[in-house]
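Just so it is clear, none of the values below were taken in a lab; they were calculated from the coordinates. Bear in mind that the values here come from a model prediction, so they are computed numbers and not experimental data. So basically every Cβ, Gly included, is an ideal-geometry build from the backbone, and we count neighbours across all protein chains shown.
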Amino acid sequence: MNKDSIAQNTLRAAAEARFCHAPVTTPVDRATEELLHELQVHQIELEMQIEELRRAHFDLDESRDRYIDLYDFSPVGYLTITQAGLIAEINLTATKLLGIDRHELLYRRFSAFVIPEDGDRWYLFFVGIMKHNQHKNIELTLKHSDGTECPVQLNGLLVTSDNADSTVRITLTDITESRRAIAHLSEVEMNAALSLTNAEMGSWEWNIETGRIIFNEHWAKMRGYRLGEKERHFSDWENDIHPDDLQAYHAALTAHLENRSLFFQAEYRVRTQSGSWLWLLDRGAVIKRDTEGSPLRMAGIEMDISKRKCNEEKLRIAAIAFESQEAMFVTNANAVIMEVNQAFTRLTGYRAAEAIGQKPSMLSSGRHDQAFYQTMWGILKNKGFWQGDIWNRRKDGVFYAEWLNISTVCSPDGCISHYVASFTDITKEKESIAKIHQLAYYDPLTLLPNRRLFQEHLTKALIISDRSERYGALLFIDLDNFKALNDTLGHDMGDLLLTQTGARLLDCIRKGDTVARLGGDEFVIILEELSPTCTYAVNQAKDIGEKIILALNQNYQLDHSNYHSTPSIGITLFNSSKESINDLLKQADIAMYAAKAGGRNTLRFFDPEMQATIMAHASLEADLIQALKNNQFKLYFQLQATHDRRILGAEVLLRWEHPERGLVSPLEFIPLAEETRLILPIGLWVLETACAQLKSWEGIPHTRHLQLAVNVSAHQFHEAGFVEQVCAVLEKHAIQPDRLKLELTESLVLDNIEDTITKMHALKKIGVHFSMDDFGTGYSSLAYLTQLPLDQLKIDQSFVHNIGVQPTDAVIVQTIIGMANNLGMDVIAEGVETEEQRAFLERHGCPAIQGYLFSKPVPIEQFELLLKQS
């Protein structure tokens, strides 16, 4: 028998024995027993393998179910697109983005769901993957079944197969919220840019690929770079960093560039151009990365923290001597105080033994209601911290304001275990804020609302009047002969009168009305909620006006003297929010002057006759606009010469030859031109005409040396493009810049000294000369004389007129001449009319003069005649 036959017989016998519960009696030899044992082992292994296969099949089923769940319910949409652009497979997330059931989407063209504007971009994207096997991503907008649009990001990958056509596997990610976040971020960035304009912060942007750093003006200013410098290389930036700070700086920067930190932040020292060290706080972030995550651009801001670093050093030293500068206490979860520090005792007056075991409410001032504390505790429990200012009370009963910070401390299981609070006394800061508010909105003398608060109240009154259809009234009150009081009894008595007047006016008005002081002896009153009928409203305003006149006619007790004062009151009514505050003030002001013209100590209402004055003003403004268009302006020339009548040049003066009114006085139209800002085109015309005249003199030997002085208005000078405007005119007429002299007044120079210095130096650099007009009439210019590139000081005619009449003015003239000589400047006197004045000026070293003694202002034809005669 072979082995297989023996094995079969043996197994059969074993089976029969197992079935009959009888022992096997088949005789076997030793080889058969060994083979039987081997078969039993193989049977056991086979059963184990079957069990493993069964379990693997079960795990496979579970994995498949889990994959289906992950596939269908993933936050990312999945699509499979055929070569023909048809949807072959799609998960539930993608169907929700389109708003259509899965079975309706299968084997439809995906392009049908792309908005028309993005159709070409989808085609290029799909073809790029199919033809070039590119892994690409793109942002498109899809159409939802309800008509809405959904922005998505697509990522595509070509999938190839030996047995089937290639397909494109695409992921869809809804980027609606991202778009909103980016839009919000753009708004935040814009607000940040505006803030940086006013805040003293440096901003920078680093192109990591090129190493180029662009920065703002304050960034350059902190480092001492030259004015106008806008960019540097990154290596220059790093070279300026203090060696001791370089490692920490590099560590922080590298961590952010490698995406290991959300932001880059570092404090380090940089060497300025002067060689000194400056502490900076630098914060930034990568604003652009490539598809692989490598940083491309980074931006940030810097702030000078040198003072803070100095203070930190001081605080570090102070911390050795004191436990803490801030008061602190710790409570348990039930808000029972467990610990306090020494600063707590110093600030509140409570010793540790008195405070521990109590609740923080022991400090309550009673100034905050229950809702305040409920809100505070609600924020604290939801956010884990609260900070704000709060009023509390010390042990001695004194109230104080504190800035309080409370933070929660949680146990490992997430439950609140403690509260930690720190606070500082901000009573003085609160008082300072109140004082600042008082100064910003209230007159410091009378404590009445000032012009700013008055305008806010009038704006609200106009709105209320518009809604209620009831009239309001504006009263303009001026105290008669107030200047005489200041001149005779002194300004302290004048202040006392103003204070008492303000108090009397408050007694005359109703609750809800406003009394304000605009300045000087001018007060205004806003009467609200008068009658809806104009006649009754007039009578109501008149009654209050007469009550005010009666009150202000009562004698004033000024120190130990009785003083009688009277008011003149102008009144105008309003009943619409469309009315202009400035127009109402003008109307009330006109009515007030009518009251003064009517004998003072009375009141007048604004009426159409008064409006005629305003209309005349408007008519003159219209004529002024036409004057420039119709070439009605002329330049007159008043010569400037030495004492021996050698002509140096002239000052050009503007004249208006009106076709109907004749020659209009500059005193009448120049203020109007300033007010309406027509002075800008007029000023440019004067500059153009003067330069054209200088050009015409260049070819004549006896006129080529002449210099023309042009007056520049404050509006004109402080225009952003004034320097460029002057340069353009000089280039246009091709004249020597030193033939042009710009005359600036003291008030113009001091209006914005930094802007003035910058512009003057820019024009001085190309050769333009400057003269300070009306010098000596101001009070602040002496401090800036050395900073201004002036060529000449012009002594004001008011001082020249009093030479030989008022000794003090003669002394001022001598002082100005001496000052000019010491500063290396020329000096010229205007308004010279007498030989006595001329001789005095010559005797005291003033080399040039201008005035009627030599010539009044004349047209160009007469001026050139004077040139020939000289």
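Miscellaneous remarks
- Partner lysines for residue 511 [C-alpha distance under 22 Å; skip if fewer than 8 residues away on the same chain]: 460, 542, 547
- Note on 508, 534: ascending count of other Cβ atoms within 10 Å places them as 534, 508, the fewest first.
- Sites residue 870 and residue 762, calculated FRET efficiency, Cβ-Cβ separation with R0 41 Å, nearest 0.05: 0.70
- Taking amide H atoms as placed 1.01 Å from N in the peptide plane, the amide H of residue 89 lies under 5 Å from those of 80, each 5 or more residues away in sequence or on another chain.
- In terms of the mean number of neighbouring beta-carbon atoms within 10 Å, the peptides 206-213, 415-422 order highest first as 415-422, 206-213.
- Hz values of 3J(HN,Hα) by residue in the range 786-803 - Karplus curve (6.51, -1.76, 1.60), Gly and Pro given as x: 5, 8, 9, x, 7, 9, 8, 10, 10, 6, 5, 5, 5, 6, 5, 4, 8, 4
- Alpha-carbon Rg/Rh ratio, for the range 533-631, with Rh computed the Kirkwood way: 1.15
- Förster radius 30 Å - calculated FRET efficiency between residue 466 and residue 619, Cβ distance, rounded to 0.05: 0.50
- For residue 634, the lysines whose Cα falls under 22 Å of its own Cα, not counting residues fewer than eight places away in the same chain, are 695, 732, 741, 856, 868.
- Couplings 3J(HN,Hα) of the range 483-500, computed from phi: 4, 4, 5, 4, 6, 9, 9, x, 5, 5, 6, x, 5, 5, 5, 5, 4, 5 Hz, in residue order, whole Hz [Karplus 6.51 cos²θ - 1.76 cosθ + 1.60, θ = phi - 60°; x for Gly and Pro].
- Computed across the range 600-701, the Kirkwood hydrodynamic radius from all distinct Cα-Cα pairs reaches 16.4 Å.
- On the beta carbon distance between residue 629 and residue 139, with R0 = 51 Å, the FRET formula returns roughly 0.40.
- For the range 213-316, the number of Lys pairs separated by eight or more positions or lying on different chains, with C-alpha atoms closer than 29 Å, is 8.
- Counting other Cβ atoms within 10 Å as a rough exposure proxy, the listed residues 536, 563 run 536, 563 from fewest neighbours to most.
- Measuring max minus min along each principal axis, the C-alpha atoms of the range 81-160 give extents of 35, 26, 18 Å (largest first).
- Across q = 0.14 Å⁻¹, the range 446-606 modelled as identical point scatterers on its alpha-carbon atoms has Debye log10 I(q)/I(0) values of -0.66, in the order of the q list.
- Computed over the range 668-758, the P(r) curve from all C-alpha pair distances, binned at 5 Å from the origin, holds 3, 13, 23, 22, 18, 12, 7, 3, 0 percent per bin.
- Whichever lysines have a C-alpha closer than 23 Å to that of residue 143, once near sequence neighbours (fewer than 8 apart) are set aside: 96
- In Å, descending, principal axis extents of the Cα set of the range 493-552: 42, 20, 18
- Restraint check, 395/430; 435/596; 629/765; 629/764, Cα-Cα greater than 27 Å: 435/596; 629/765; 629/764
- Here is the list for the range 769-870: GluC sites (Glu not before Pro) lying in DSSP coil, each with at most 15 other C-beta atoms within 10 angstrom of its C-beta, are 833.
- Of every Cα-Cα pair in the range 366-468, the percent that sits beyond 15 Å: 76
- The alpha carbons of the range 620-869 stretch over 48, 43, 38 Å along the principal axes, in descending order.
- In order through the range 409-424: 3J(HN,Hα) via Karplus (6.51 cos²θ - 1.76 cosθ + 1.60), integer Hz, x for Gly, Pro: 10, 10, 7, x, 7, x, 8, 5, 10, 8, 10, 10, 10, 10, 8, 10
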